[in-house]
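Here is the structure we will look at, set down as structure tokens.
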Amino acid sequence: MPFTEGTVPVVQLEQVSYLYPHAGAPALKDISLKVRPGEFLGLIGPTGAGKTTLCLTLNGIVPQFYGGRFFGRATIAGLDTLEHPSSTLARHVGMVFEDPETQLTATSVENEIAFALENLSVPREEMRARISWVLEAVRLEGMEHRHPHELSGGQKQRLAIAAALALQPELLVLDEPTSQLDPVGAQEVFATVRELNRALGMTIVMAGHASEELAEFADRIALLSAGALVALGTPDEIYAQVELLRAHHLRPPQVAATFYLIGRTGAEPPRIPVRLEEGKTALHRLAATSGVNPPARLPHSPAGEGPPLLSIQNLTYRYGDGTLALCDISLDIRQGEYVLVIGQNGAGKSTLVKHFLRLLEPTAGSVRVAGSDTRACRVSELARRIGYVAQNPDQQLFNATVWDEVAFALRNLGYAPGEVAARTRESLESLGLLARRAVHPLSLPRGERARVVIAAVLAMRPEVIIFDEPTTGQDACGARAILDVSKRLHELGKTLIVITHQLYLMPEYAERVIVMGKGTLLLDAPLREAYHQVALLRSTYLAPPQAVLLARELPGEPPLLTPAEVAGCLACVLGGACT
Amino acid sequence: MSNLPLGEEREVKRSSGVSLDGAPLTYIVTLAAVVAVLAFVPLSVVLGSGKSFPLSQGIYPLVGWLLGPVAGAVANAIGALIGVFLAPHTSTFPVATISGALAGGLAAGAMARRGSRSRWWLPLSVVFLLVYLLYAGRAVFQNGARLDAVLAGSFIDWSAWLLFVLPTRGLVAGWLAHAEKQRVAAGLFLGTWIAAGLSHLTGSLAVYLLVNWPNEVWGAMVPLALLEHLARCLVGAVIGSGVIAGLRATGMVKPTHAVY
């Protein structure tokens, strides 16, 4: 929606630049932007582009809390962010951050929402009325007395939104609110935010990498790169510029990528659709006029051979509080396989892989690594064979430099200094971190912090590497860099196990998919087969990539996986090269 | 910056929401929690009491440097108070535990080289001198301990006071703010000697009101107290080096009266 003259903007940034204390380069540079009341603005950009800094500028935390140098003027709901304290701005701006866990402090849903209201001395009756209202708005009615930690990931994030919403802000700012959620949890958050935006006219600014969802829900998209505003326009205008997005390490929605590839073959779609339903319509039209030519043979994943390297038999695991996390799971993973483990938040994926390292011990059943029962193995022995990259990189960082972080385990295992240096250098080089070797790991952006942890694990040269949500919070380039490393390791014969919700990333990498739901094994199949089990994936709150859904619109529902494969199907008949 | 921003530079007024003496409340709460957790870990025994004292004594000064004298003292006192209830095995006498924690943070925070807090050392040094005179004076004049034994047994206390009064106070502050990690570590070690020594002195005065060690105990304290104090300094230097490096790297907001 265009910005109309005469509308008083909720957000007005005039030539805003900002430098963090002691920083040499600006985190924001000459940003001028207006957001009108009731608008939904998506904020996209590569890792380190300044998205979070811009979000923090909107409630005055930047620069009031951080200090540093601030240029230009930022006005929110008519209030200059430098002239009004954050406590005043908080009445107008609600903030929701990436990780819902870090925002929830109370012991019940109701108390969580009441917390900010109590701090603002809202009268008791008013408080009760607002709690009821926001719970209804985010569809958490009836959960008032639940402990926040009993909620699912999507519910927790919706509770964080409810707590922000209770302040009745004019502007709701969400910084990557869905990056840690399963696809359906993310959809829940987007749907809730969109409903608040439409029904209440609340202005929304949402930063994130979820291009499919932002294309669907946002009114405008602002593209930030290196702190500067590079492009601003409707989702159709921004996401159709596939080359611009790729130049800034961003990923277009798969539907846009598909039609961009179709367009490059010589066929000229009237415009590049950026939303799934538009894509389906355009695909039907193209298929009806030109026909399709699905490839006769599609690449198949080789089946694993040899004795199992990792073997789970009738594994059941129950947490101390009685929660059944895994129920009678049996599976074998062979040397050199690349296995993708997927499932909703809380499906038991991380619980499963922690058994390989004996970080958890089976309540019933057995886990074997190279034929040995893990109960008979020491964790340190298993750690030499199996590298585990945990979900939150910060939990694995504790050294003062990137180099020391990567070298730490090698030194402790008694390798010679020359060997430590060689392996550390090789590992840092493979992840593009060598230039950062002297900096403190915590000074790096989240994406790079994750890569430091991966480098530290790779330096150990383990036989099996487990990546637990390695691409969370990464831009497209960062995610590719990590997965390309996994691919190289796989080509070297390593066994890879990757847990992720970002299914669209995996067709080029994984061979086999294990689908989990509520602690049970729902499916164990080659990737091409698993991705087309749409109903089963949805039963565990997963959404197949858009390319898969587009392929299912084609005659014969060919088991295609990627935009290139779908485009190739049409390119053949449109005169382009067949894939 | 190579290219100057187009917008006009604005004056940035720091306001961190709820704060105490320039230290955000969240920092105070977090560090109080750290002190409370470390209160569970016994560092050594307290002679004549059958109790121990906690590892948290090694970070009382660090908390003072991170938060400044007032907020540091408050965070230490809150953490120590919680520790008294949750980890009574490391608290000989609650008043001693809490007053010692408070004094450690206050002394460390007052080692600043600049700002209004840099003048706090003078009244504090008078107070600590009086505390020492009361402590040692009771031992010699009331309990009949030999002066040389008391001086040897309280070496860590009077040496801390001397180093606090001398320019070493400013030297420590300079090292703590230095870019080189080795200097920071040295500053933490020496600074912990000073501030944890004054914390020990304050706590010991309270403990001594209860236990009244005879002359023999003062003698036994010479090697023990020295060893324990070196352990405190080591704890402060090791934990502090990592914490300060991490804080600098993450660019977290520095409280107004922080000394690092």
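Here are some notes:
- In sequence order, calculated HN-Hα J values of the stretch A:369-384 (Karplus, 6.51, -1.76, 1.60; Hz; x Gly/Pro): 10, 6, x, 9, 5, 5, 4, 8, 10, 7, 4, 5, 5, 5, 5, 6
- Using distinct alpha-carbon pairs, which all enter the 1/r mean, Kirkwood radius of the stretch B:37-118 in Å: 12.5 Å
- Once the convex hull of all Cα atoms in chain A is built, its volume per residue stands at 162 Å³.
- Take each residue in B:243-250, count the other chain C-beta atoms within 10 Å of its C-beta, and the mean is 4.
- Taking other C-beta atoms within 10 Å as the exposure proxy, A:R437, A:R512 rank A:R437, A:R512 from fewest upward.
- Here r is the Cβ-Cβ distance between A:A421 and A:R285 and R0 is 41 Å; the resulting FRET efficiency, rounded to 0.05, is 0.10.
- Phi-based couplings in Hz for the stretch B:242-256 (Karplus 6.51, -1.76, 1.60; Gly and Pro marked x): x, 5, 5, 4, x, 5, 5, 5, 7, x, 5, 4, 8, x, 3
- Long-range HN-HN contacts of A:L444 with modeled amide H, under 5 Å: none
- Span from the the stretch B:190-233 Cα centroid across to the the stretch B:143-181 one, whole angstrom: 12 Å
- Cα shape, the stretch A:308-518, gyration tensor, a/c 1.5 rule: prolate
- GNM flexibility winner over chain B from B:G105, B:G72, B:G170 (Cα, springs under 10 Å): B:G170
- Comparing B:G115, B:G187, B:G100 in a Gaussian network model of chain B (Cα springs below 10 Å), the most mobile by mean-square fluctuation is B:G115.
- Near-label residues of the stretch A:36-73 by backbone N, under 11 Å of a point 7 Å along Cα→Cβ of B:E9: A:69-71
- For the stretch A:11-250, the antiparallel share of DSSP beta bridges with both residues in that region comes to about 55%.
- Full extension of the chain between B:L227 and B:D148 gives 26.5 nm of extra length, using 0.36 nm per residue less the Cα-Cα distance.
- The stretch B:20-250: relative contact order as a whole-number percent, Cα under 8 Å and 6+ apart: 23 percent
- Stretchable slack from A:E305 to A:N119, in nm (0.36 nm times residue separation minus alpha-carbon distance): 60.8 nm
- Charge-dipole axis of the stretch A:26-139 as Lys and Arg at +1 and Asp and Glu at -1 on Cβ define it, positive-most pick from A:S121, A:I31, A:T53: A:I31
- Cβ-placed point charges (K, R +1; D, E -1), dipole of chain A about Cα centre in debye, nearest 20: 1060 debye
- Counted by neighbouring Cβ atoms within 10 Å, the residues B:L55, A:L413, A:L232 run from fewest to most as A:L413, A:L232, B:L55.
- Sorting the segments B:124-136, A:499-511 by their residues' average number of neighbouring beta-carbon atoms within 10 angstrom, most packed first, yields A:499-511, B:124-136.
- Prolate/oblate/rounded call for chain B, Cα gyration tensor, a/c under 1.5 rounded: prolate
- Under the Debye formula (equal points on every Cα, no solvent term), log10 I(q)/I(0) of the stretch A:108-235 at q = 0.10, 0.18 Å⁻¹: -0.34, -0.97
- Across the stretch A:326-449, the relative contact order, built from alpha-carbon pairs under 8 Å that are at least six residues apart, equals 18 percent.
- Reachable lysines, given that their alpha-carbon falls under 23 Å from the alpha-carbon of A:K354 and they are not under 8 places away in the same chain: A:K487, A:K494, A:K518
- For the peptides A:183-191, A:241-249, A:368-376, A:424-432, residues were scored by their other Cβ atoms within 10 Å and the scores averaged per peptide; the highest-first order is A:183-191, A:424-432, A:241-249, A:368-376.
- Using the Cβ-Cβ distance between B:E216 and B:A33 with R0 set to 45 Å, the FRET efficiency from 1/(1 + (r/R0)^6) comes to roughly 0.65.
- Residue order, fewest to most beta carbons within 10 Å, for A:D524, B:D148, A:D30: B:D148, A:D524, A:D30
- Calculated FRET efficiency for the pair A:S87/B:T250, C-beta based, R₀ 25 Å, to 0.05: 0.55
- Peptides A:42-53, A:70-81, ordered by how many other C-beta atoms sit within 10 Å of their residues on average, highest first, read A:42-53, A:70-81.
- Rel. contact order, % - alpha carbon contacts under 8 angstrom, at least six apart, chain A: 15 percent
- Overall, the anisotropy analysis places the stretch A:374-443 in the oblate class: the square-rooted eigenvalues a ≥ b ≥ c of its C-alpha gyration tensor yield a/c not less than 1.5, with a/b not exceeding b/c.
- Peptide A:67-77 shows a mean partner chain C-beta count of 4 within 10 Å per residue C-beta.
- Those residues of the stretch A:515-547 whose amide nitrogen sits under 16 Å from the label point placed on A:A191, 7 Å along Cα→Cβ: A:538-544
- Note on A:80-88: average number of Cβ atoms from other chains within 10 Å of each residue's Cβ is 2.
- Projecting the Cα atoms of B:G187, B:A231, B:A249 onto the charge dipole of the stretch B:170-260 (Cβ charges, centred on the Cα centre) puts B:A249 farthest toward the positive pole.
- Net charge of Cβ neighbours under 12 Å - reference A:T471; Lys, Arg +1; Asp, Glu -1: 0
- Beta-bridge orientation, the stretch A:308-518: approximately 45 percent antiparallel, per DSSP, counting only bridges with both partners inside.
- Fraction of antiparallel bridges per DSSP, the protein assembly as shown only, in percent to nearest 5: 55 percent
Each reported figure results from applying straightforward, stated rules to the coordinates on display, with no laboratory input. These numbers come from a predicted model, not from an experiment. All Cβ positions, even for glycine, are placed from backbone atoms using ideal geometry, and neighbour counts span all protein chains on display.
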